[in-house]
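A.B. asks: What follows is a single structure, and I will ask about it in a moment.
The values are calculated or read from the model by the stated rules, or taken from the named source; none is laboratory data. Here the structure is a predicted model, which means the values were calculated and not measured. Positions of Cβ are generated from backbone atoms using ideal geometry, with glycine treated the same way; all protein chains shown enter the neighbour counts. Remember, those area values only see protein heavy atoms, side chains included, never the ligands or the DNA or RNA. Shrake-Rupley method; radii C 1.70, N 1.55, O 1.52, S 1.80 Å.
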Amino acid sequence: MNRSVPESLLICILVLCLALTPIGVRGETEDSGKAQQLIEAPGAVLMEKETGTVIYSRDPDTRRSPASITKIMTLILIFDAIREGTLHLEDSITTSAYARSMGGSQVFLEEGEKQTAETMIKCIVIASGNDASVAMAEYISGTEEAFVEEMNKRAEGLGMTNTHFSDCCGLTEDPDHLTTARDIALMTRELINCYPEIHNYSTIWMENITHVTKQGTREFGLSNTNRLLKMATNFRVTGLKTGSTGKAKFCVSATGRKGDIDLIAVIMAADDSKARVRDAITLLNYGFGKCQKYTEKEQKKISPVEVRGGTEKEVKVRQKSTFTYVDTTGADLSKIKSKTRKDKNVKAPLKKGEKVGETVYYLDRKKIGARDIVTTEKVEKQNYGSALENVLEEYFGI
């Protein structure tokens, strides 16, 4: 008696098994699948701060409303102004009637009230004050509209191709005020890389400010909207900014540090505040568990590069920056090797800092990055007089 299973039945069983396989796991690694299942929010990005490596993403380029996450770009422009010397922390900022009229999250500034720029920064970072954001925008650019133009220019310069800002605080109902999880990670990275002092403010849990108005003097308590600061984690929460509206739902750009690694976890459109916190912690734990970082201990000494047609026959050079690499595969980073390549046909004139080669880094024979080799001095183009001097020196020792 033939007891073999009919081929048609085997096919049916196979189709049934495939149908029961969780879609989110197909074609993914085990770790990626776990992270995918744990994240509830529809939009997310996990990025390493120093290199910009994206460790995880979920629908990173869909444009969504960012709510108060908008203020990250506002803060970039504020700190840009401080760096340029057009704004100082001790400057007195006067609140206009328009700034005072802002609704949503606010610190209840009165028209004509004066606060220092540093106090306004605290109001923006800690309490997400819309009124403080507009007051700072008006002080820096004259009007909020002019400030927003600068926000969009800055975003374009950072490669935030899917972002458009319509106001400086995220309170707008303009349907074109949109960004993405990837773009939020880019501007967060810019802020914390260029202005690490932001963490001096973003890690404050509570602080009082003093309102001095015609009605008198009163204390007002700022309470941080970022509840991650009070969560028990195996890493240090360093910031950064939350946001929520009916349209945007609940968003956060969370930054954390463990050892020598800093990560950025962006969550967009979570269903509630608890969900965004859970998702942010899940992503940060996931990233710290996968990441290892290689930082070059010391750069190679590079011999001078020959120069043609210059007042000098060679130019001193150096590697422009230290090489850093982030791995998420568990590779043996002690096997990283480097090879320096110098350009063969370098001609004068040369400016200081001009690229004349590169150091390329490899892991298991695969290129993982490079750093420019640049000149440390300038070399002028040779003229008739300098050419004659070179000939006399070379042939007659004069």
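A.B. asks: Keeping the other protein chains in place, figure out the carbon and sulfur percent of the accessible area of the chain, with a 1.4 Å probe.
C.D. replies: Carbon plus sulfur share of accessible area: 51 percent.
A.B. asks: To continue, here is another question. Taking all protein chains together and a probe of 1.4 Å, list Lys320, Lys49, Lys241, Lys249 from the most accessible to the least accessible.
C.D. replies: Lys320, Lys249, Lys49, Lys241
A.B. asks: Could you point to the label whose value was computed as Cα extents along the principal axes in Å for the structure here, given [x] 102, 85, 37; [y] 59, 58, 47; [z] 74, 61, 44?
C.D. replies: Computed from the coordinates, Cα extents along the principal axes in Å corresponds to [x].
A.B. asks: Quote the accessible area belonging to Thr375 in square angstrom, nearest 10, computed with a 1.4 Å probe and with ligands, DNA and RNA left uncounted.
C.D. replies: Surface open to solvent at Thr375 totals about 0 Å².
A.B. asks: To the nearest 10 square angstrom, how much accessible area does Ser334 have with a 1.4 angstrom probe?
C.D. replies: Taking all protein chains as shown, Ser334 has close to 90 Å².
A.B. asks: In terms of solvent-accessible area of protein heavy atoms at a 1.4 angstrom probe, what is the ranking of Tyr325, Tyr56, Tyr139, highest value first?
C.D. replies: Heavy-atom accessible area, descending, gives Tyr139, Tyr325, Tyr56.
A.B. asks: What number comes out for accessible area per residue over the range 118-208 if the probe is 1.4 Å? Units Å², please.
C.D. replies: 37 Å²
A.B. asks: Same structure, new question: Can you give the accessible area of Ser202, probe radius 1.4 Å, in Å² rounded to 10?
C.D. replies: 0 Å²
A.B. asks: Please state the shape class of the range 271-364: rounded when a/c is under 1.5, otherwise prolate if a/b exceeds b/c and oblate if not, all from the C-alpha gyration tensor.
C.D. replies: prolate
A.B. asks: Quick one: compute the contact order of the chain, relative version, from alpha carbon pairs under 8 angstrom and 6+ residues apart, as a percent.
C.D. replies: 15 percent
A.B. asks: Which three lengths, in whole Å and largest first, does the range 231-295 cover when its Cα atoms are put on their principal axes?
C.D. replies: Principal extents (Cα only, largest first): 43, 21, 17 Å.
A.B. asks: Kindly sort Val326, Val212 by accessible area of their heavy atoms, largest first, with the probe set to 1.4 Å.
C.D. replies: Largest accessible area first, the list is Val212, Val326.
A.B. asks: As a check on your grasp of the helix formula, calculate [θ] at 222 nm for the chain: sum -39500 (n - 2.57) over DSSP H runs of n ≥ 4, divide by the residue count, round to the nearest 500.
C.D. replies: That comes out to -9500 deg cm²/dmol.
A.B. asks: Given a Förster distance of 56 Å, report the FRET efficiency between Ser334 and Lys214 from their Cβ-Cβ distance, rounded to the nearest 0.05.
C.D. replies: According to the calculation, E is roughly 0.25.
A.B. asks: For Glu197 and Lys247, what is the calculated FRET efficiency with R₀ set at 35 Å and r taken between the beta-carbons, to the nearest 0.05?
C.D. replies: The calculated FRET efficiency here is 0.65.
A.B. asks: Is the range 140-279 best put as rounded, prolate or oblate by its Cα gyration tensor, with a ≥ b ≥ c the root eigenvalues, rounded for a/c under 1.5, and otherwise prolate when a/b is larger than b/c, oblate when not?
C.D. replies: Since a/c stays below 1.5, the shape of the range 140-279 is classed as rounded.
A.B. asks: Further, regarding this structure: Run the reach check for Lys230 against lysines, Cα to Cα strictly under 19 Å, same-chain hits fewer than 8 apart removed. What comes back?
C.D. replies: Lys122, Lys241, Lys258, Lys274
A.B. asks: For q = 0.20 Å⁻¹, what log10 I(q)/I(0) does the range 112-212 give under the Debye formula with an equal point scatterer on each alpha carbon and no solvent?
C.D. replies: Each listed q corresponds, in turn, to -1.19.
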